[in-house]
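Peer 1: Following this message is one structure expressed as structure tokens.
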Amino acid sequence: MLRQLLILGASARLAHAYRRGVNDPWLRALLARRPFKVAVVALAARMARIIWALLKTGERYRPKGQHTMLAAA
């Protein structure tokens with residue numbers, strides 16, 4: 001069930017990014033060399049690793065670039 005939800009969320013995220021233009025360089029490179037559905041599963045796996053790391057460390061999610069702003073504060 002969790003796997004299905006991760007893939008569904010990744011699919012929605014990727015479809016939204018695909019319509020508006022992909023800003024993330026990792027996703028852009030992935031879509032350039034892999035089919036859409038393979039990219040969805042790769043994004044779901046990446047999200048699962050992020051979720052696992054957050055649960056393991058107890059930290060909050062910080063998008064890219066915010067860790068430097070928090071360190072300066």
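Please treat every number below as a calculation from the coordinates, not as lab data. No experiment lies behind these values; they were computed from the predicted model shown. Note: ideal-geometry Cβ built from the backbone for every residue, glycine included; neighbour counts use all protein chains shown.
Peer 1: Quick one: putting +1 on the C-beta of Lys and Arg, -1 on the C-beta of Asp and Glu, what dipole do you get for the chain around its Cα centre, in Debye to the nearest 20?
Peer 2: Details: 14 positive and 2 negative charges, 39 e Å.
Here the chain has a charge dipole of around 180 debye.
Peer 1: Please turn the phi angles of region 43-52 into ³J(HN,Hα) values with the Karplus equation 6.51 cos²θ - 1.76 cosθ + 1.60 (θ = phi - 60°), one per residue in order, whole Hz, x for glycine and proline.
Peer 2: 5, 4, 5, 5, 4, 5, 5, 5, 4, 4
Peer 1: Also, quick follow-up: Please work out the FRET efficiency for the pair R62 and W26, using the Cβ-Cβ distance as r and a Förster radius of 25 Å; give the result to the nearest 0.05.
Peer 2: My answer for the efficiency is 0.90.
Peer 1: Roughly speaking, what % of Cα-Cα pairs in the chain are separated by over 13 Å, rounded to a whole number?
Peer 2: Of all Cα-Cα distances in the chain, 70 percent exceed 13 Å.
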